[in-house]
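Enquirer: Input: one structure, supplied below.
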Amino acid sequence: MKYKYLIFDMDGTILDTLDDLADSVNRALELHNFPKRTREEIRSFLGNGMVKLIHLSVPEGTSKEEESEILDEHKNYYASHSTVKTRAYEGIPELLALLKAHGFKTAVVSNKSDSNVKNLVDKYFNGLFDVSIGARDGVPRKPERDLVDIAMKELGATKEDSVYIGDSDVDVATAKNSELPMITVLWGFRDKDVLVKHGAENMVNNVKELEEMLL
């Protein structure tokens, strides 16, 4: 076994959350009579947390006060509508169960709020992750290494036995900042050319290829 500890990103890696996020953002924008964003636009904005997502979604020149209102409206709505269209990527729950059976220790680390992360893990992957970590007040978000460090401490993991698994340029930077090797999945929220441009190397096209790389 090459690795013992597996650190997974959430959005675009294990969960397809795009439609629920897009619906929530567009609802908040409509409340302020702002134009809605396309699914692909929202896809390109994801990866750096809700604050950056809303900042990129509002029209240029929006006041900080109104942007803050839209952020709050999105947060409140998404908290109770995060599982309407969201789904686990095909084969991911089965892979996680297989990895657990082989003795791997797993964590999910996301820039979503800590409560959202734990709720989604409980709904879609109950019992399949040893640790779930989301954004916390006062803790720098990915691509800084702080959330990953928290996860690794809770796992009892060492850098030598760990790998980071994600789908975006933010994840590539996170793995680099965390001094971890990375496996990049190509079914998520970034296109391959973008990932390669940002330094992605070990890439997998589907869950079967990921399984083969880990086992």
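Enquirer: Any idea what angle helix 114-124 forms with the longest principal axis of the chain, computed on alpha-carbon atoms, 0 to 90 degrees, nearest 10?
Expert: 60
Enquirer: Given a Förster distance of 25 Å, report the FRET efficiency between N202 and A79 from their Cβ-Cβ distance, rounded to the nearest 0.05.
Expert: It comes out at approximately 0.10.
Enquirer: Computed from these coordinates, which is Rg and Dmax of the Cα atoms in Å: [x] 22.1, 82; [y] 16.9, 54; [z] 16.4, 50?
Expert: Among [x] 22.1, 82; [y] 16.9, 54; [z] 16.4, 50, the one calculated here is [y].
Enquirer: Given a Förster radius of 41 Å and the C-beta distance between K153 and L31 as r, what FRET efficiency does 1/(1 + (r/R0)^6) yield to the nearest 0.05?
Expert: 0.50
Enquirer: Sequence gap at least 6, Cα distance under 8 Å: using those rules, report the relative contact order of the chain to the nearest whole percent.
Expert: Value for the chain: 27 percent.
Enquirer: If one takes the longest principal axis of the Cα atoms in the chain, at what angle in degrees, from 0 to 90 and to the nearest 10, does the Cα axis of helix 92-101 lie?
Expert: Helix 92-101 sits at roughly 30 degrees to that axis.
Enquirer: Label points 7 Å out from Cα along the Cβ direction at N126 and V194: separation in nm?
Expert: With each label placed 7 Å out from Cα toward Cβ, I get 3.4 nm.
Enquirer: So what is the calculated 222 nm ellipticity per residue for the chain, using -39500 (n - 2.57) for each DSSP H run with n of 4 or more, over all residues, to the nearest 500 deg cm²/dmol?
Expert: -13500 deg cm²/dmol
Enquirer: Identify the trypsin sites (Lys or Arg not before Pro) of segment 63-98 meeting these criteria: DSSP loop state and at most 16 other C-beta atoms within 10 Å of the C-beta.
Expert: K85
Enquirer: Restricting to DSSP loop positions (anything but H, G, I, E, B) with no more than 12 other Cβ atoms inside 10 Å of their own Cβ, which GluC sites (Glu not before Pro) remain in segment 1-70?
Expert: Taking segment 1-70 and a limit of 12 other Cβ atoms within 10 Å, the loop GluC sites (Glu not before Pro) found are E60.
Enquirer: Extending each Cα 7 Å along its Cβ direction at T38 and K4, get the distance between those two points in nm, one decimal.
Expert: 4.8
Enquirer: Within segment 43-65, whose backbone N sits under 19 Å from a point 7 Å along Cα→Cβ of D114?
Expert: Flagged as within label range: 49-51.
Enquirer: Taking only C-alpha pairs under 8 Å that are 6+ residues apart, what is the relative contact order of segment 18-80 in percent?
Expert: Contact order relative to length: 40 percent.
Every number here is computed from the coordinates shown, using simple stated rules; none is lab data. Note that the coordinates shown come from a computational prediction; the quantities given were computed from them, not determined experimentally. Because the Cβ atoms are built from the backbone with ideal geometry, glycine has one as well, and the counts that use them run over all protein chains shown.
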